[in-house]
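Chemist: Below you will find the structure I want to go over with you.
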Amino acid sequence: MNRLALTVVAAGVALTSLGAAAQFQKPEDAIKYRQSVMTVMGNHLGRVAAMVQGRVPFDAKTAADNAAIVVMMSKLPWVAFGDGTDKGMPTRARPEIWKEPAKFKDLENKMMADAEKFDAAAKTGNLDNIKAALGTLGRACKSCHDDFRNEKYSN
Ligand code: HEC
């Protein structure tokens, strides 16, 4: 093989391993990833909720910054619910996720759309808008948790 061909092959190998690394090596890695993303998303949503509830003073920029993190995180967990990730470490994912994938997907999409609306509301800087959008988003989280998340972690 000439040098150019070798370079092309090497680049191909690099891309392939990049693709594999972007997925998950083990079910445990996927579970850890989705739980981490959900935790971060919930934390930043909670910071805005604290303002809406008057537990901390309202600050429009802080609310918008947190909403931007929520909308970014809202896109991430779903790839980590692949086949075979129902066990591997303690998880609250219910088996129904893999039995009713269309229903789960609908709830993902609903939540992502509501997160976009929440982000748009936060950018208006209007507390009433933010409150309404947060309520809608919170219901989207809950409706999936009610159907697809167990109370207790598996072991
Ligand atoms: C389409 C379904 C779905 C939606 C929508 C959803 N979640 Fe989850 N969430 C899950 C599942 C399933 C788990 C359990 C994951 C596991 O234990 O492997 C979970 C777990 C969590 C956890 C616990 C993470 C941990 O460390 O165990 C938090 C916090 C959380 N979600 C917050 C949220 C928030 C906030 C929203 C809305 C902005 C949301 N979720 C929307 C399905 C969903």
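What follows is calculated from the coordinates using simple rules that are stated; it is not laboratory data. The structure displayed is predicted, hence computed values, not measured ones.
Chemist: Radius of gyration and Dmax for segment 93-155's Cα atoms, expressed in Å?
Modeler: 14.1, 44
Chemist: Which aspartates and glutamates, if any, have their Cα less than 18 Å from the Cα of LYS152, not counting same-chain residues under 8 positions apart?
Modeler: GLU28, ASP86, GLU96
Chemist: Cα axis of helix 3-22 to longest principal axis of the chain: angle in degrees, 0 to 90, nearest 10?
Modeler: So the helix axis and the longest Cα principal axis differ by about 40 degrees.
Chemist: Per residue, how big is the convex hull of segment 25-148 when only Cα atoms are used? Give it in Å³.
Modeler: Dividing the Cα hull volume of segment 25-148 by its residues yields 94 Å³.
Chemist: Cα axis of helix 101-124 to longest principal axis of the chain: angle in degrees, 0 to 90, nearest 10?
Modeler: Approximately 60 degrees, to the nearest 10.
Chemist: In degrees between 0 and 90, to the nearest 10, how far off the longest principal axis of the chain does helix 60-73 point, with axes built from Cα atoms?
Modeler: Around 40 degrees separate the two axes.
Chemist: Taking only DSSP H segments of four or more residues, each worth -39500 (n - 2.57), what value at 222 nm results for the chain once the sum is divided by all its residues, to the nearest 500 deg cm²/dmol?
Modeler: Estimated from H runs of four or more residues: -24000 deg cm²/dmol.
Chemist: For segment 25-148, what is the relative contact order in percent, using Cα pairs closer than 8 Å and at least 6 residues apart in sequence?
Modeler: 32
Chemist: Quick one: of LYS26/LYS75; LYS61/LYS105; LYS26/LYS110, which pairs are farther than 23 Å apart, Cα to Cα?
Modeler: Among LYS26/LYS75; LYS61/LYS105; LYS26/LYS110, the Cα-Cα distance tops 23 Å for LYS61/LYS105; LYS26/LYS110.
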